[in-house]
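What follows is a set of notes on a single structure, which appears directly below.
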Ligand SMILES: Nc1ncnc2c1ncn2[C@@H]1O[C@H](COP(=O)(O)OP(=O)(O)OP(=O)(O)O)[C@@H](O)[C@H]1O
């Protein structure tokens with residue numbers, strides 16, 4: 001039986017002693033980009049925090065490569081998995097460069113020969129190299145988000161020595177980004193999954209970005225969870241059921257199906 005990947009086994013999503021928001025049974029594959037979508041308050045961030053191991057599930061469990069997540073140990077996880085939370089505030093007055101360097105901290109016992117190069121290339125990929133010496137707390141929301149994405153990329157830059165898959169778990173990585181940077185970042189994440197086998201899991205609100213760049217979708221709530229190939233999950237009827245908006249499929253010039261949305265039926 002295939003065990004590689006993240007498996008949600010009847011995962012009860014909701015805060016401790018709070019209501020059950022959804023029960024998630026799904027397998028998330030490495031080498032694929034999985035978008036988590038759903039209405040506000042459906043439990044997307046709560047689910048992500050369970051996949052990361054920050055929050056205990058109300059029931060069920062999260063397995064990584066066939067072993068319960070908690071048994072992997074935080075140090076081992078940090079070598080192969082980077083997390084970008086929704087709120088990326090930094091208490092200290094670090095420069096952008098220092099924030100990205102933090103991504104390399106888990107590797108300090110076995111540094112790469114390319115440490116400085118990794119940090120520089122990660123910053124180039126998200127377009128923040130010119131901000132290297134600025135204080136993180138003086139950057140705009142989008143600049144800060146791109147700096148934290150660079151930190152996450154730096155953390156999982158090199159393949160694991162034991163060949164295990166690397167993961168990026170990101171909570172709304174494009175929320176603060178302008179149109180160009182949204183597409184640039186999503187394309188980058190897709191490439192990382194396809195070319196380097198990284199498992200990318202990202203909470204995304206923009207259905208069209210998800211349809212264009214993700215392989216799979218995990219749709220949370222209200223009260224249920226659906227997962228599968230993005231084009232099968234995010235179809236007009238399901239979108240209407242989930243968000244109460246009507247949508248018209250249109251084919252973009254490059255052949256990708258996208259949607260036009262309206263509050264009322266055409
Ligand atoms: N620490 C907390 N204490 C009380 N309720 C909480 C806490 N954290 C989350 N919740 C509640 O749990 C529910 C799910 O929150 P969550 O942040 O997972 O939703 P979400 O789907 O990510 O929403 P959004 O799209 O608005 O970011 C919400 O109703 C939220 O108010």
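Computed from the coordinates by the stated procedures, all read-outs in this text should not be read as laboratory data. On a predicted model such as this, the values are computed, not experimentally measured, just so you know. Quick reminder, even Gly has a Cβ in these numbers, built from the backbone with ideal geometry, and neighbours come from all protein chains shown.
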Fill in the blank from the handout: Expressed in nanometres to one decimal, the distance between label points 7 Å along Cα→Cβ at residue 245 and residue 16 is 3.6
Fill in the blank from the handout: Helix 115-125 sits off the longest principal axis of the Cα atoms of the chain, rounded to the nearest 10 on a 0 to 90 degree scale, by 40
Practice task
Sort 114-123, 167-176 for me by packing, meaning the mean count of neighbouring Cβ atoms within 10 Å per residue, highest on top.
Solution key: 167-176, 114-123
Completion exercise
With Cα springs under 10 Å, the Gaussian network model of the chain assigns the largest mean-square fluctuation among 30, 39, 249 to 249
Exercise for the section: With r as the distance between the Cβ atoms of residue 133 and residue 179 and R0 = 22 Å, compute the FRET efficiency 1/(1 + (r/R0)^6) and round to 0.05. Expected result: 0.20
Handout entry: Rounded to 10°, Cα long-axis angle of helix 141-155 versus longest principal axis of the chain
Key = 70
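Is the shape of the range 163-208 best called rounded, prolate or oblate, per the rule: a/c under 1.5 gives rounded, else a/b larger than b/c gives prolate, else oblate, with a ≥ b ≥ c the square roots of the Cα gyration tensor eigenvalues?
In terms of gyration-tensor shape, prolate.
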Problem - Burial ranking of peptide ranges 220-232, 197-209 (average Cβ count within 10 Å, highest at the top) - result: 197-209, 220-232
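Rounded to the nearest 0.05, what FRET efficiency is calculated for residue 56 and residue 86 with R0 set to 25 Å and r the Cβ-Cβ distance? List each step's numbers first, then the result.
On the way: r = 19 Å, r/R0 = 0.77.
After rounding, the FRET efficiency stands at 0.85.
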Exercise for the section: Quick one: among 162, 216, 178, which has the greatest mean-square fluctuation in a GNM of the chain with alpha-carbon springs under 10 angstrom? Expected result: 162
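Highest first, please rank the peptides 11-18, 51-58 by the mean number of other Cβ atoms sitting within 10 Å of their residues.
Numbers: 11-18: 15.1, 51-58: 18.1.
Final packing ranking: 51-58, 11-18.
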Handout entry: Between the range 15-53 and the range 226-266, the alpha-carbon center distance in angstrom
Key = 21
Practice task
Taking the chain as the reference, fit the longest principal axis to its C-alpha atoms, fit the long axis of helix 179-196 to the helix C-alpha atoms, and give the angle between the two in degrees, 0 to 90, nearest 10.
Solution key: 80
Exercise for the section: Quick one: compute the contact order of the chain, relative version, from alpha carbon pairs under 8 angstrom and 6+ residues apart, as a percent. Expected result: 25
Handout entry: Among 144, 166, 108, residue whose mean-square fluctuation peaks in a GNM of the chain (springs only between Cα atoms under 10 Å)
Key = 108
Problem - Rough spin-label spacing in nm, given labels placed 7 Å along Cα→Cβ, for residue 65 and residue 121 - result: 2.2
